[in-house]
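Visitor: Below you will find the structure I want to go over with you.
The values are calculated or read from the model by the stated rules, or taken from the named source; none is laboratory data. What you are looking at is a predicted structure, and each value in this text was computed from that prediction instead of being measured. All Cβ positions, glycine included, derive from the backbone under ideal geometry; neighbour counts span all protein chains shown.
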Amino acid sequence: MAETQRALLAARISVDTDESTSIPRQLEHLHRWAQGLGHDVAGVVEDRSVSGSVDLPERPSMGPWLTEEGREKWDVLAVTTQDRLSRDDLHFMAFVKNVLDWGKTLVVLDDPSFDISTETGRLIAYAKATQAAAELRKIRQRVSDARDYLRRNGLFAGGHTPFGYLYENSPDGKHYVLVPEAKYAKILKEISERVRTGVSTNQIARELNASGLLTWRDYLRELRGKDAKRRHGTALTKPKGTNWSPNVVRNILKNPSCAGFLAYKGEPFEDDQGNLVMATEYPILTHAEWQATVTAIESRGQSNIRRTNETSLLTGVARCGNCGERIFCHRLKKTLATGEVKVYRHYSCMARSKGMPCSNPARIPEDLLNEIFENALLSRLGELPEVVKVTEPGEDHTAELNQVTARLLRLEKDYENGRYDEPEKEESYWRMHGNLTKKQKDLKAKPVRAAVTRYVPTGLKWAQKWGGMNTDARRDYLTNRDVQVYVWKQAIPKLAHGAVISLGDLKQLATAASLESDVLVGWQLSGWNVPDHWTNPELRDFPSRLADTSVVPEVIDQLHKKLLSVPESV
């Protein structure tokens with residue numbers, strides 16, 4: 001009678017659906033085998049929707065049983081067929097070696113001759129593993145060919161469903177095509193339009209979170225839970241409660257699928273003729289709208305402000321005038337003799353905490369600096385009409401033309417290097433060369449129309465706009481327009497604190513709001529408790545007339561040079 005052992009029963013399936021019975025059938029055979037030999041069942045492994053190419057220790061259900069602790073609980077590992085263990089020959093043989101080193105045994109039910117304890121048995125097992133690996137490569141190639149066919153024909157090839165679209169049956173009923181989902185397609189158009197008018201992705205993400213709108217992934221999970229046809233294996237059917245983030249908004253807008261293009265690895269997919277392939281007949285954005293949106297995002301870049309739970313208006317905007325490092329708001333609680341707890345809030349230079357030199361770090365009460373800044377800001381902009389920058393998309397095929405030209409050059413180079421010497425390959429070469437040449441000619445013939453930027457009044461005074469924004473929105477607004485504040489502990493002897501404020505790109509809005517040109521002289525810079533010649537370069541030519549002839553700080557000198565290099569016109 002065979003010795004009783006502790007058996008680990010392992011079942012695996014690559015694609016698991018609600019209709020699949022593979023796992024239950026595998027486990028039925030395995031339990032019957034264990035019962036027939038009187039083995040104790042130490043555990044059951046069910047790896048659903050796990051490819052045979054995944055190494056065994058990395059599988060979600062199998063992995064824990066292969067750890068040092070897990071191996072103490074079983075003696076023999078049983079599977080119904082060898083390919084349930086692995087479809088990768090190298091993974092399989094590495095696992096066989098481990099099993100032998102651990103003093104364990106492998107059993108394959110449909111192969112009574114399977115025996116890894118002898119050289120001959122291992123050789124036979126390895127030969128079968130290579131067959132499984134070859135079959136896996138064939139499967140992958142078939143899948144790759146099928147996906148390539150679907151992409152070239154503008155059909156949905158599976159994977160992540162792009163934002164604002166759902167997949168439905170194609171006209172022939174054999175494949176899927178993308179169609180806009182009404183609710184989120186409208187949201188995508190609104191977000192795109194707002195980004196083109198200058199609204200930051202940070203602000204959009206905050207507003208979407210505040211509205212309680214589900215992220216696209218969560219919305220798809222909710223739909224999947226309501227529609228049995230769209231459920232797939234262990235795919236989630238309940239929203240995870242994920243929040244919107246600026247990166248999520250940016251990635252959505254930069255995806256070519258917004259303009260209806262088929263995306264492959266984040267780039268528009270081209271067919272053999274160099275044409276961009278459409279993924280849907282009904283794109284949510286036009287090509288021009290999408291290009292203008294991407295341009296607006298990339299022109300602003302990403303904010304690198306450190307976010308905190310308690311927002312301060314000038315965090316990331318204000319810098320130490322002495323060393324140029326950013327200053328952050330610090331809060332200090334003190335208990336007074338009366339028992340009252342008082343909170344002191346100061347903007348402070350962080351250079352020393354980073355191990356950087358600063359001979360006189362700036363430090364100023366938060367309320368004081370905020371007041372100085374807002375007084376300077378509103379005295380210049382407050383009564384002006386608010387205007388927003390609107391960019392009307394142009395038409396420019398330069399990028400697409402460059403892609404086609406580069407492909408044509410690569411093709412010609414390959415031809416010169418002999419890659420198309422065979423008759424059938426040469427025929428293919430001339431066909432591709434003709435298609436690309438025609439595409440290049442067509443693109444060169446298309447008109448180029450520059451985008452048009454306009455400044456449109458909103459009907460509000462600028463002070464009204466500022467008053468209606470929360471602190472986060474105000475800070476994003478300032479950082480996106482290169483507003484800067486420099487602070488000194490003492491810029492004039494015997495006067496505590498000093499500040500220089502540069503309004504950066506806000507000058508463009510002032511010009512667009514019809515502020516007279518003579519008023520704009522020195523408009524961007526203002527000073528508080530600093531020598532006059534720091535903010536007025538004309539006074540530097542007459543040092544004898546100045547009561548204070550202190551040297552202009554390097555950061556202010558660089559700021560002047562930067563402002564002088566910016567064109568005056570809008």
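Visitor: Only one of 48, 87 is assigned by TED's automatic domain parsing to the domain that holds residue 127 and over 28 Å from residue 123 (Cα atoms). Can you tell me which?
Guide: Going through 48, 87 in turn, just one is assigned by TED's automatic domain parsing to the domain that holds residue 127 and over 28 Å from residue 123 (Cα atoms): 48.
Visitor: OK, next. Which one is surrounded by the fewest Cβ atoms within 10 Å (Cβ to Cβ) among residues in segment 51-80 that are touching a strand residue (DSSP E or B) at 6+ places or on another chain (Cβ under 6 Å) and of a type in the set (D, E, K, R)?
Guide: Checked segment 51-80; the qualifying residue surrounded by the fewest Cβ atoms within 10 Å (Cβ to Cβ) is 73.
Visitor: Which of the residues that make up segment 343-396 are of a type in the set (Ser, Thr, Tyr) and either at pLDDT below 85 or not in a loop (DSSP other than H, G, I, E, B) (or both)?
Guide: 344, 347, 348, 353, 379, 391
Visitor: Being at pLDDT 75 or above and closer than 19 Å to residue 195 by Cβ is true for just one of 454, 449. Which residue is that?
Guide: 454
Visitor: Same structure, new question: Yes or no: segment 442-450 includes at least one residue that is surrounded by 13 or more Cβ atoms within 10 Å (Cβ to Cβ) and outside any loop (DSSP other than H, G, I, E, B).
Guide: Yes - at least one qualifying residue is present in segment 442-450.
Visitor: Only residues in segment 389-413 that are under 30 Å from residue 200 (Cβ atoms) count as the first member; pair them with residues that are basic (Lys, Arg), Cβ under 6 angstrom, at least 6 apart or cross-chain, and list the lot.
Guide: From residues that are under 30 Å from residue 200 (Cβ atoms), the pairs are 390/454; 391/196; 394/449; 395/449; 397/446.
Visitor: In segment 465-570, which helices (runs of 4 or more DSSP H) lie fully inside it and hold 3 or more residues that are modelled with pLDDT of 85 or more?
Guide: Once the helices (runs of 4 or more DSSP H) in segment 465-570 are filtered for at least 3 residues that are modelled with pLDDT of 85 or more, what remains is 471-480.
Visitor: Does any residue of segment 305-313 turn out to be at pLDDT 80 or above, surrounded by 16 or more Cβ atoms within 10 Å (Cβ to Cβ) and over 24 Å from the mean Cα position of the chain (by Cα)?
Guide: There is at least one residue in segment 305-313 that is at pLDDT 80 or above, surrounded by 16 or more Cβ atoms within 10 Å (Cβ to Cβ) and over 24 Å from the mean Cα position of the chain (by Cα).
Visitor: Follow-up. So how many residues does segment 416-439 have that are buried (at least 16 other Cβ atoms within 10 Å of the Cβ), of a type outside the set (Lys, Arg) and under 39 Å from the mean Cα position of the chain (by Cα)?
Guide: So the count comes out to 4.
Visitor: Tell me, which residue of segment 491-502 that is closer than 11 Å to residue 528 by Cα and in contact with a strand residue (DSSP E or B) (Cβ under 7 Å, 6 or more places away or on another chain) is surrounded by the fewest Cβ atoms within 10 Å (Cβ to Cβ)?
Guide: 492
Visitor: Let me ask you something else. Cβ-Cβ under 8 Å, sequence separation 6+ or interchain: first residue in segment 29-41 and without any contact (Cβ under 8 Å) to a residue 60 or more places away in the chain and over 12 Å from residue 78 (Cβ atoms), partner of a type outside the set (A, V, I, L, M) and surrounded by fewer than 15 Cβ atoms within 10 Å (Cβ to Cβ). Which pairs?
Guide: 38/4; 40/4
Visitor: Is it the case that residue 335 is over 36 Å from the mean Cα position of the chain (by Cα) and either at positive phi or not hydrophobic (A, V, I, L, M, F, W, C) (or both)?
Guide: yes
Visitor: Then there is this: Restricting attention to helices (runs of 4 or more DSSP H) lying wholly within segment 1-111, give those where 3 or more residues are within 24 Å of residue 130 (Cα to Cα) and of a type in the set (A, V, I, L, M).
Guide: It comes to 89-102.
A quick yes/no check of all residues on (1) surrounded by 16 or more Cβ atoms within 10 Å (Cβ to Cβ); (2) under 19 Å from residue 292 (Cα atoms):
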| residue | (1), (2) |
| --- | --- |
| 373 | yes, no |
| 377 | yes, no |
| 391 | yes, yes |
| 395 | no, yes |
| 400 | yes, yes |
| 408 | yes, no |
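Visitor: Looking at residue 263, is it under 21 Å from residue 448 (Cα atoms), surrounded by 14 or more Cβ atoms within 10 Å (Cβ to Cβ) and at pLDDT below 85?
Guide: When the stated conditions are applied, residue 263 does not pass them.
Visitor: Now for a different question. Which condition number does residue 257 fail, the rest of (1) at pLDDT 85 or above; (2) under 29 Å from residue 295 (Cβ atoms); (3) assigned to a helix (DSSP H, G or I) being met?
Guide: Failed condition: (1).
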